[in-house]
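The values are calculated or read from the model by the stated rules, or taken from the named source; none is laboratory data. It should be emphasised that the depicted structure is a prediction, and the values quoted were computed from it without experimental measurement. Don't worry about glycine lacking a Cβ; one is built from the backbone with ideal geometry, like all the others, and counts go over all protein chains shown.
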Amino acid sequence: MSEVEVKESIVLALPITAGTIVTFTPFSLPLHSTSTPFNSIHTEFELLDMKDLRNYSLLHHNTFGIDARCRRFVEIETVEEAQRLPSVLKADDRPLMVIGGGSNLLLTKDFEGTVLHAAIRGTEANVADDGSVLLRVGSGETWDDIVALCVERGWYGAENLSLIPGEVGATAVQNIGAYGAEVASIIYNVEAVEIATGRLVSFRPHECGYGYRQSRFKQEWHGQYLITHVTYLLQTTFVPHLDYGNLRERFTASSQKPTPQALRQAIIDIRREKLPDPLVEGNAGSFFVNPVVSREKSEELLLDYPAMPHYDAEGKVKIPAGWLIEQCGWKGRSLGRAGVHGRQALVLVNRGGATGADIVALCEAIRHDVKEKFGIDIHPEVNIV
Ligand SMILES: Cc1cc2nc3c(=O)[nH]c(=O)nc-3n(C[C@H](O)[C@H](O)[C@H](O)COP(=O)(O)OP(=O)(O)OC[C@H]3O[C@@H](n4cnc5c(N)ncnc54)[C@H](O)[C@@H]3O)c2cc1C
């Protein structure tokens, strides 16, 4: 684990020789009018005014739309506020839970502890003569606003990750991925504050243990760090990546050129066709992880289900959980106020007024049926709290 001063890591570790600093203050998108320039960090703690609330409803902090409360809610807007956490948090404020936009979260009950939300805003870009761009972003920025900004400015590498809900901090925890891209491949470094000590740390991607939707932040470092900034390494040269889903066919059929804007729009359109909008129908995207089974198990299943989709996964076989759920007849069905989305069986939805327990009951009913029919255990991808 490397540990460096945050400001130094940015200045000293740049892989580029000549660069131009471009600072956006305020951010050019409407949601960012409160952004703080990174170069105006205060040291006077008395100037800070941390949002600190008791018995707070998390209804607007989770995309499932579950109305659960937490005992204490602390919102951190600057690195200095994050560094003050050891003195702000008392022993009886625990357990702690760090959240971003709550788009991978299912709350099943009130949280008898403290929720920390990093609302650190702002962007800073360093564009080099060789076409590489280092974009340092506050962890509380909305991820898709950043993708939109990149496409608008001509900084490429993030466009296939368009419209994934959530905030920048979580991208580095979740290793978000879609349409053949994973954010780990464009992460340059992750800056964080160790919650217990207030110590600043900075990690390069090889230290973060990235794998499929995995990182050390989700595993052995879980709950230890509050991510404050993520720096992405982008390029001014555009190379379209169309080899996933039906992207290539879409462009071939329409004879449209896959410009960066067109590619982003195509991905947005496909996602909107397939996935429910959390503002309309609460959900957390893919609810289950796609199971990986042995070759023998897959061959056995293929005898009974020759049309079963399956993909090579490092010597084993990955089977889409959505297909398994659909085969069990769950697609579009409901159990009480919880349901399975009609166009994508991997997505569980809040049909209106569902509790976390309703969603969990549906999850368990589906897991039971998949196990009974296929002999496969499927597990939730979503954090169930
Ligand atoms: C409709 C829909 C579609 C989706 N599609 C995709 C997809 O295509 N690909 C994909 O990968 N995901 C997808 N997701 C899942 C989700 O968007 C991602 O997991 C996202 O990164 C979660 O971001 P968040 O800010 O909401 O994080 P949260 O759900 O709030 O938190 C996720 C994790 O990150 C941690 N965390 C958050 N912020 C910080 C921080 N500042 N410091 C330390 N830890 C932090 C939390 O503790 C938690 O462990 C989808 C979700 C929805 C609702």
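List of remarks:
- Any hit, segment 197-211, residues being in the same structural domain as N104 (by TED's automatic domain parsing) and free of Cβ contacts under 8 Å to residues at least 12 places away in the same chain: yes
- Among the residues making up segment 152-176, those that are of a type in the set (S, T, N, Q) and more than 11 Å from S139 (Cα to Cα) are N160, S162, Q174, N175.
- Qualifying residue in segment 88-103 (condition: surrounded by fewer than 24 Cβ atoms within 10 Å (Cβ to Cβ), among the charged types (D, E, K, R) and touching a strand residue (DSSP E or B) at 6+ places or on another chain (Cβ under 6 Å)): yes
- Of residues in segment 168-180 being within 6 Å of the ligand (Cβ to nearest atom) and among the hydrophobic types (A, V, I, L, M, F, W, C), the one farthest from H60 (Cα to Cα): A178
- Segment 261-280, residues that are buried (at least 17 other Cβ atoms within 10 Å of the Cβ) and either near the ligand (Cβ under 9 Å from one of its atoms) or not assigned by TED's automatic domain parsing to the domain that holds E249 (or both): R271, L275, P276, P278
- Applying the criterion of being away from the ligand (no atom under 12 Å from the Cβ) and among the aliphatic types (A, V, I, L, M) to the residues of segment 106-145, the residue that is surrounded by the fewest Cβ atoms within 10 Å (Cβ to Cβ) is A128.
- Residue among G375, G332 that is more than 17 Å from L107 (Cβ to Cβ), away from the ligand (no atom under 15 Å from the Cβ) and free of Cβ contacts under 8 Å to residues at least 24 places away in the same chain: G332
So that you can scan it fast, the table gives a plain yes or no per residue for (1) touching a Lys or Arg at 6+ places or on another chain (Cβ under 9 Å); (2) farther than 14 Å from P260 by Cα; (3) near the ligand (Cβ under 9 Å from one of its atoms); (4) not small (G, A, S):
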position	(1), (2), (3), (4)
L149	no, no, no, yes
S162	yes, no, no, no
G166	no, yes, yes, no
S185	no, yes, no, no
F203	yes, yes, no, yes
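- Checked against the criterion of being assigned by TED's automatic domain parsing to the domain that holds D369 and either part of a loop (DSSP other than H, G, I, E, B) or on the phi > 0 side of the Ramachandran plot (or both), segment 236-247 contains not a single residue that satisfies it.
- Counting the residues of segment 217-241 that are within 16 Å of the ligand (Cβ to nearest atom) and touching a residue at least 24 places away in the same chain (Cβ under 8 Å) gives 13.
Matching residues to (1) more than 27 Å from I270 (Cβ to Cβ); (2) assigned to a loop (DSSP other than H, G, I, E, B):
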| position | (1), (2) |
| --- | --- |
| K297 | yes, no |
| L303 | yes, no |
| D312 | no, no |
| V317 | no, no |
| G322 | no, no |
| W330 | no, yes |
| G339 | no, no |
| G342 | no, yes |
| A365 | yes, no |
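- Hey, V239 hydrophobic (A, V, I, L, M, F, W, C) and surrounded by 22 or more Cβ atoms within 10 Å (Cβ to Cβ) or not: no
- A148 among the aliphatic types (A, V, I, L, M), more than 13 Å from the chain's Cα centre (by Cα) and more than 27 Å from G285 (Cα to Cα): no
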